[in-house]
1. May I ask you to list the residues in region 269-320 that are in a strand (DSSP E or B) and either more than 14 Å from L339 (Cα to Cα) or at pLDDT below 90 (or both)?
2. Yes or no: P142 farther than 29 Å from K354 by Cα, not assigned by the TED database to the domain that holds K37 and not β-branched (V, I, T)?
3. Regarding region 101-112, can at least one residue be identified that is over 24 Å from S254 (Cβ atoms), modelled with pLDDT of 85 or more, assigned to a helix (DSSP H, G or I) and not assigned by the TED database to the domain that holds A18?
4. Suppose we keep only residues that are farther than 20 Å from C132 by Cα and polar (S, T, N, Q) within region 142-201. Which one would you say is most open to solvent (accessible area, probe 1.4 Å)?
Amino acid sequence: PLFQSLDVGNNQLRELPAALADCPRLKEANFRGNQLKDKRLEKMVNGCQTKAILEYLRAGGRGKGKAESAREEARKKKREKQQKKDGGDGEQDELEEASKLLVKVLHVSENPVPLVVKASPGIKDVRPFIVCCVLKGVNLKPGNALKRFLSAQTKLHEDICEKRTAATIATHDLQLIKGPLRYDVQPPDELKITPLGRKEIKAKDLLHQLQSEAEEQRKQKKRQNVSGLHKYLQLLDGKDNYPCLVDAEGVVISFPPITNSEKTKIRKDTRDLFLEVTSDTSLQICKDVMDTLILKIAELNRFTLENKEDSGSDHESDALSGPVNPNPSQNTEPMNSPLVVEQVRVVDTDGNLKVLYPSKTDLTTVSSLLTVMR
């Protein structure tokens, strides 16, 4: 249908059809005054623009309807295509085998003090999916290693994370984390975080601050669209509570999809990482993104080891310059020592396992480039 406006206000609608999201010319819609079953959607129709409502319907809302499964299918094909591209035609002779990156998996049972993440029940209505792991043996000291690491993360957010709409990555310095961790929700005016490069602030005030910065920047540059972090603000539209990862001291170390905390910020001398991927779409997307992130870090780590750079400056303010795309898979010398991936369990409040990463079936999507020792 090619209609541009729709008024079904003050009716007896209980739900809105997902097919509305496929009306390309629909610019204005009034759904107010309907008692919808999806309370989050009801809130949105009273306060959000039509575009945000259609986006929510396109994602299948809370029920994840047909529109979502079609979107999921398209994402899957895109990921497979990317992995095929990364992995070449699959012909593996001994030379290629020797050039593969090594990753060793340390199982929870072998770890004397494994890190655990407890997921609160309230998270399921806000941002239900989280996958975490620990990665040890990263070398960020030489030259531009840290800059490359942060640039790679930015590029993954743009590509496989679909500008953070599919998933969001957060990377932390493991030494600065006090476990166990809690994946929780907090109201916007109670959630406090010290964002990267800023002072402690409430989530509600941070979003207002970012919004006005975005407007100011847009006016100065005479642009139509906002850039940077500001592109992600609408991902929290219509939410009564915001997701957060909290450490054992009650400090919020991550506020996806917006920012993580200055407290656990990665620096040049960081050796061990805590990696976190969250999504409101699916668990599989979290796992695929985590697989790709580990592969990318392994590539960067070997590139750093094989290209003897001097230790660079410790100024990290320019650490998000343009993405660097080294191609370490052309090297034939294996890494001296493998990166170690430690499994992390996500459990519910009763201690029942929700997800363990990496499990036996994880990291297979990148197996053409990684040798995984389990």
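1. Scanning region 269-320 gives E276, V277, T278, S279, S311.
2. yes
3. Yes; the residues of region 101-112 include at least one that is over 24 Å from S254 (Cβ atoms), modelled with pLDDT of 85 or more, assigned to a helix (DSSP H, G or I) and not assigned by the TED database to the domain that holds A18.
4. N144
The values are calculated or read from the model by the stated rules, or taken from the named source; none is laboratory data. Since the structure is predicted, the reported quantities are computational estimates derived from the model, not experimental observations. Ideal geometry is used to build each Cβ from the backbone, glycine not excepted, and the neighbour counts take in all protein chains shown. For the accessible areas, the whole protein counts, side chains as well, though only heavy atoms, and no ligand, DNA or RNA atoms are used. Shrake-Rupley method; radii C 1.70, N 1.55, O 1.52, S 1.80 Å.
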